[in-house]
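Student: Can you read through this structure? Questions will come right after.
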Amino acid sequence: MKKSLLLALGVVLLLAAILRLFKITDDPPGLYPDEVAIGYNAYSILKTGRDEWGNSYPLLFRSYGDYKLPVYIYLTAAFEDFLGPTDLAVRLPSALAGIIAVVGSFFLAQEIFFLIKREADPRAVNLYSLIVALLLATSSWHIQFSRAGFEANLALTFVILGTWLFLSALRNNIRFLPLSAIFFVTSLYTYHSERIFVPPLLLVLFLLFRKTLLKRPKIFVATCLVSLLLAAPILALTFSGEGLARLKTESIFNESGPVWENFQTNYLANFSPDYLFFHGDQNGRHSVKKIGELYLWQLPFFLLGTYALLNKRSKAGVIVFSWLLLAAVPSAITRVSPHALRGLLMVLPFEIICAFGLWVFVAKFPKWLIIGLGSLAVYEFLIYLHIYYVHYPVAYAADWEAGQEQTALYLRSREDHYGQIFVHPNLSPVYLLFYLPYDPRALQAANHDLSTLGKYQYHNLYTQPVKADSAKKSLIVVPPNIISADRPGKIREIKMTGGNPAFEIYEF
Amino acid sequence: MISRKLTIILFSAVVLLAAVLRFYDLGKNPPGINLDEAAIGWNAYSILKTGRDEYGQFLPLVFRSLDDYKPPLYIYLTVPAEAVLGMTEFAVRLPSAILGVGAVVLTFFLAREIFREERDRATLFGLLSAFILAISPWHLHFTRTAYETGSCAFFTAGGLLFFFVGLRKKRWFFFALSAVFFGLELYLYQAAKVFVPLLLFSLFCFYFREIKNNLRLFIPQALIIFVLALPVLYQSTTLAGQMRFLGTSVFQDPKLHNINLSYQRDDWFRRDRISAAVLHPEVLSYASDVLWGYFSHLSPNFFFSGGNGSKVDYVSNMGLLYYWEMPFLLSGLFYLYKAKNKKPAWLLTAWMLAAPVPASVTIGVPSSIRTAVFLPSLQIIGAYGLVNFTAMVKKNYPRFLPVFVAGLFGVVTFSLYFYLHMYYIHAPRQNSKIWYYGYRQIAEDSAKLAPKYNKIIVSNTLDQPLNFWLFFLKYDPKTYLTVDGGTISGGFKEDRNHFSKYYFKPVSWDELKSQPGILVITVAGDLPKEVPVLKTYHYLDGRPSVIMAATNP
């Protein structure tokens, strides 16, 4: 690769890294329960080879009954080997996945461009691919999910790498094909949406390239067989009781109203301008809610890119638009739609199309217009950064259950001074499990009884708890407004970022 | 491609279909008229008999009506209908239906004119556009009821059609006709006051060269527009003209504003003045609301899913366009921009982009009522997409062509059948409330009972019943203005409106029960439980609607 290209790519990667790693444990403020569950299950695997429920090296982690997919948890376990059971260990895999996704998108974009124009000028290819990488690096959608332990983000990286290697295999070296298959299969084990998205995508890829694939039957068939073999367990499990558990609680089949209508409304909601360009996903963990999933200035380029891509009538267009349309399905069959996390796969085709629109634009339009639009883009990006780093952790601290972590850490630091610590159920047990950390063997031995964790005793605190050893001092941990303000003994109030009280701690 | 005789047959068939769909049970479905329609009906009758509206204004250019300052054209068009048919629901809705069929006719010629260069296919575009408009749920709903917004399609199509004919034939007469259509549209509906100028401006830009070369022909057009527009312009400067805008504009809503500015305030508290000023400026707050209001009308869910506000959601689970229109709308845009002559693309795009503008500064978005000016651009684009997409299939996948066409035919027929089924079987029963079902019966019953009572008090909770009673009792407008003093005001809480024995005010049973000989008409559940109810009326779905009670004689 030429030096200038390497330099440019390096800058984009550095930008991606900074945006994802800077203050990653402070913003989003605090791990939310799913992240903590991941962290603890990973710790449990690391120490005992079993998950929190005592299952040995499971393929589905029961956790809260949502049966999480395994790859992210095992990866976190590996990180915890070096970093211990910390916030960083849980979030770092996602951040690294995000950075790798940016690299992967660069190479994927190259392959897409070569599909549009076989003998393309390398400078054009590289410029286009750099734009894609830059857009993904600075995408508020992608950044949001790269900064916390979201399996969907890791799965997206696998899909990007899988698709890149697939196209590269067909163009350069067919030996990449098995590698591509490995990434696709791994993605099936990483996040739920991929189980719905990847098979149809692979079907599309097969139909588009069947002639080329069938010219190398040995490696193709071998790859298929091995992939099916590797994927068989998860596919089988998908149709089991546990696999369907998540689907049952979240799907539209359980919703009131006609299923088909709900599906249509939910599906189309993923393409609503308000969601994409103005206010984003209204779940406080999924976006900053004042900026859309994509930047407003991307709207005209999305239209331009769609038109230009369709006009070229190439396999690239089929791949990109199939990806886009299929990626909206997972969130459409669930009750909440639009859903930026379940639909995270959509971000890549959006950036590819916008980049294509930009690339056409950069070639044709006058310099002053480019500078003007560039300034607008930078301005909107600055607004996003300001909101994300200054206002977001304060305004949406509650969505991240901020305060639970601080409470658990505080209790850990003071627990030696007390005989018993009575905890209100509002402090989710996983936080205690992860931050103490509580010995997984003890939990397994107690058959996952969460009411007593060593000296921590869960109590609904309607009445004053009875101390086991009345000689020693004890603590009570309650959310605010449960105990009347004039009761003596309050030694600490744990606040969320932004000052809202999370828990109060009383000595007695 | 299509012979002249076949064209005439197909065209007649489409127009007949449009007429049947609009005139069948006109006045009966939706079951009952709403308060705007009653207001229109009464004011038109009042003009017919006395030349004055319900407030006594002579031939007004703005009808104060329910304090919503209605534009005048539709009401004046209702006058001849009522002259012939009397003051009936059918008469009130007749102009809308006629202009609806007229819009279908004009759309045929308009689409054919826009794509004239494509020769054979131009007629096909015309026929398909007209057909899609004829069966369009959006257009049907607004042309079977007296919503002024539905008639905009007629005037927009006419204005554009004669503009293009004028360009082709180079005769000033057509431009003048075009000007008349556009100018009249300004008097038809509020949104037109913003939409028509935008559309005219686009025409001016796109056809600048043609206009420059034929300046002479345009002078009458410019003059007519100017003359017609002048009163409207003048009105916009008066308070009466501005009332509707002020009532619905988004700039008046402090709550939205405050939410958008909460971050600005937070920054001020953090003493970060630079961020507060640069990153959260106030103008962006309004801009964000306006832009969002604008784009909410270009969202797929707006067009294709139901749920656009209770007043318009008559047929549940159906959108404004059929689902099958979606791919053809998208491909229509694509093919338009691929064509050699880009002017149709620009025109239709400008039309599409201008349509949501008036609604974007209002509260209560997205609104399918305020953006009905979209029609029939979406139908024309859809028709263009349909024909070109079919041609693409024919060229590239000829073996699939019969399957595709048969499938398409099936889907279109089925959707139309489904829509009609929902519209005629389910919708009246489910949504009779928003059409004030039964009010005619209630009013007539109250008239029969009137001799026995001293006063009849009709509660405001019936949603401004004054016009309903005037309408259904066929009261004499002259008497209303001279003897009863006309309408005092159209406010929701107005309690001074009355005519003959009928008084329209909020009902308070404690005050009334001591007065003898009063018949009280109010919504079910409004009176204390002990009060004996003379009669209960019901909506078509069985829920109680209105009750009558009386004080002791």
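The values are calculated or read from the model by the stated rules, or taken from the named source; none is laboratory data. No experiment lies behind these values; they were computed from the predicted model shown. Don't worry about glycine lacking a Cβ; one is built from the backbone with ideal geometry, like all the others, and counts go over all protein chains shown.
Student: Can you find a residue in the stretch A:383-405 that is closer than 20 Å to A:ASP34 by Cβ, of a type in the set (Ser, Thr, Tyr) and touching a Leu at 6+ places or on another chain (Cβ under 8 Å)?
Tutor: Here is the first cut: in the stretch A:383-405, the residues closer than 20 Å to A:ASP34 by Cβ are A:392-393, A:396-405.
Remaining after also requiring of a type in the set (Ser, Thr, Tyr): A:392, A:396.
Going one step further and asking which of them are touching a Leu at 6+ places or on another chain (Cβ under 8 Å), we end up with none.
For the stretch A:383-405, residues closer than 20 Å to A:ASP34 by Cβ, of a type in the set (Ser, Thr, Tyr) and touching a Leu at 6+ places or on another chain (Cβ under 8 Å): absent.
Student: Among residues belonging to the stretch B:142-185 that are in contact (Cβ under 8 Å) with a residue 60 or more places away in the chain and not in a helix (DSSP H, G or I), point out the one that is nearest to B:GLN235 (Cα to Cα).
Tutor: Among residues in the stretch B:142-185 that are in contact (Cβ under 8 Å) with a residue 60 or more places away in the chain and not in a helix (DSSP H, G or I), the one nearest to B:GLN235 (Cα to Cα) is B:TYR147.
Student: Against the definition (in contact (Cβ under 8 Å) with a residue 24 or more places away in the chain and among the small types (Gly, Ala, Ser)), how does A:ALA169 come out, yes or no?
Tutor: Taking the combined requirement at face value, the residue does not satisfy it.
Student: Are any of the residues in the stretch A:54-72 under 29 Å from A:THR407 (Cβ atoms), modelled with pLDDT of 95 or more, aromatic (Phe, Trp, Tyr) and in contact with an Asp or Glu (Cβ under 9 Å, 6 or more places away or on another chain)?
Tutor: yes
Student: When the residues of the stretch B:338-364 are filtered to those that are within 14 Å of another protein chain (Cβ to nearest Cβ) and aliphatic (A, V, I, L, M), which remaining residue is surrounded by the most Cβ atoms within 10 Å (Cβ to Cβ)?
Tutor: Going through the qualifying residues, I end up with B:ALA345.
Student: With the structure loaded, tell me whether B:ILE456 is in contact (Cβ under 8 Å) with a residue 24 or more places away in the chain, outside any helix (DSSP H, G or I) and buried (at least 21 other Cβ atoms within 10 Å of the Cβ) or whether it fails that test.
Tutor: yes
Student: Could you list all residues from the stretch A:248-278 that are more than 7 Å from chain B (Cβ to nearest Cβ), touching a residue at least 12 places away in the same chain (Cβ under 8 Å) and not in a helix (DSSP H, G or I)?
Tutor: Of everything in the stretch A:248-278, those that are more than 7 Å from chain B (Cβ to nearest Cβ), touching a residue at least 12 places away in the same chain (Cβ under 8 Å) and not in a helix (DSSP H, G or I) turn out to be A:SER251, A:GLU255, A:ASN270.
Student: Given the options A:LEU341, A:LEU369, A:LEU303, name the one that is within 14 Å of chain B (Cβ to nearest Cβ) and either part of a loop (DSSP other than H, G, I, E, B) or without any contact (Cβ under 8 Å) to a residue 60 or more places away in the chain (or both).
Tutor: A:LEU303
Student: Okay, moving on. In the set A:TRP297, A:TRP260, which member is touching a Leu at 6+ places or on another chain (Cβ under 6 Å), at negative phi and surrounded by fewer than 21 Cβ atoms within 10 Å (Cβ to Cβ)? Steps first, please.
Tutor: Numbers: A:TRP260 fails: touching a Leu at 6+ places or on another chain (Cβ under 6 Å).
Answer to the selection: A:TRP297.
Student: Need pairs with beta-carbon distance below 8 Å; first residue under 19 Å from A:TYR388 (Cβ atoms) and at the interface with another protein chain (Cβ under 8 Å from one of its Cβ atoms) and within the stretch B:268-280, second surrounded by fewer than 15 Cβ atoms within 10 Å (Cβ to Cβ) and modelled with pLDDT of 80 or more; sequence gap 6+ or separate chains.
Tutor: B:LEU279/A:LEU382
Student: Hey, can you tell me all the residues within the stretch B:284-299 that are crowded, with 21+ Cβ neighbours inside 10 Å and either free of Cβ contacts under 8 Å to residues at least 40 places away in the same chain or within 7 Å of another protein chain (Cβ to nearest Cβ) (or both)?
Tutor: B:ASP289, B:PHE295, B:SER296
Student: If a residue has to be touching a His at 6+ places or on another chain (Cβ under 7 Å) and either within 21 Å of A:SER251 (Cα to Cα) or at the interface with another protein chain (Cβ under 9 Å from one of its Cβ atoms) (or both) to count, how many in the stretch A:279-289 make the cut?
Tutor: Residues that pass the stated criteria total 1.
Student: Looking at the structure I just gave you, is B:ASP484 in contact (Cβ under 8 Å) with a residue 40 or more places away in the chain, acidic (Asp, Glu) and out of contact with any Cys (no Cβ under 9 Å at 6 or more places or on another chain)?
Tutor: No.
This table checks each residue for (1) of a type in the set (A, V, I, L, M, F, W, C); (2) free of Cβ contacts under 8 Å to residues at least 40 places away in the same chain; (3) within 15 Å of A:MET346 (Cα to Cα).
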position: A:SER140; (1), (2), (3): no, no, yes
position: A:GLU151; (1), (2), (3): no, no, no
position: A:LEU154; (1), (2), (3): yes, no, yes
position: A:ARG175; (1), (2), (3): no, no, no
position: A:LEU179; (1), (2), (3): yes, yes, no
position: A:PHE183; (1), (2), (3): yes, yes, no
position: A:ARG210; (1), (2), (3): no, yes, no
position: A:LEU225; (1), (2), (3): yes, yes, no
position: A:ALA231; (1), (2), (3): yes, no, no
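Student: With the condition kept exactly as written, say whether any residue in the stretch B:103-112 is in contact with a Ser or Thr (Cβ under 6 Å, 6 or more places away or on another chain), of a type outside the set (Asp, Glu), in contact (Cβ under 8 Å) with a residue 60 or more places away in the chain and more than 25 Å from B:GLY486 (Cβ to Cβ).
Tutor: Looking through the stretch B:103-112, at least one residue is in contact with a Ser or Thr (Cβ under 6 Å, 6 or more places away or on another chain), of a type outside the set (Asp, Glu), in contact (Cβ under 8 Å) with a residue 60 or more places away in the chain and more than 25 Å from B:GLY486 (Cβ to Cβ).
Student: Quick check on this structure: which one of A:VAL336, A:VAL362, A:VAL347 is away from chain B (no Cβ under 13 Å) and either closer than 24 Å to B:SER288 by Cα or acidic (Asp, Glu) (or both)? Write out each step before concluding.
Tutor: Values: A:VAL336 fails: either closer than 24 Å to B:SER288 by Cα or acidic (Asp, Glu) (or both); A:VAL362 fails: either closer than 24 Å to B:SER288 by Cα or acidic (Asp, Glu) (or both).
None of the other options fit; the residue is A:VAL347.
Student: Right, another one. Just to be sure I understand, how many residues within the stretch A:32-57 are in contact with a helix residue (DSSP H, G or I) (Cβ under 9 Å, 6 or more places away or on another chain) and assigned to a loop (DSSP other than H, G, I, E, B)?
Tutor: Qualifying residue count for the region: 6.
Student: Among the residues in the stretch B:487-508, are any more than 33 Å from the chain's Cα centre (by Cα) and surrounded by fewer than 16 Cβ atoms within 10 Å (Cβ to Cβ)?
Tutor: Yes: the stretch B:487-508 contains one or more residues that are more than 33 Å from the chain's Cα centre (by Cα) and surrounded by fewer than 16 Cβ atoms within 10 Å (Cβ to Cβ).
Student: Please go through the stretch A:278-337 and give me each residue that is in contact with an Asp or Glu (Cβ under 7 Å, 6 or more places away or on another chain) and β-branched (Val, Ile, Thr), ordered by number.
Tutor: If the condition is that a residue be in contact with an Asp or Glu (Cβ under 7 Å, 6 or more places away or on another chain) and β-branched (Val, Ile, Thr), then A:THR334 is the only one that fits.
Student: For the stretch A:411-508, list the strands (runs of 3 or more DSSP E) that sit wholly inside it and hold at least 2 residues that are touching a residue at least 60 places away in the same chain (Cβ under 8 Å); which are they? Before you say what the answer is, go through the steps one by one.
Tutor: Values: elements: A:420-423, A:456-458, A:474-478, A:490-495, A:501-507.
The strands (runs of 3 or more DSSP E) meeting that bar are A:474-478, A:490-495, A:501-507.
Student: Checking B:SER367 against (1) under 25 Å from A:GLN264 (Cα atoms); (2) surrounded by fewer than 23 Cβ atoms within 10 Å (Cβ to Cβ); (3) more than 10 Å from chain A (Cβ to nearest Cβ), which test does it fail?
Tutor: (2) is the only condition that B:SER367 fails.
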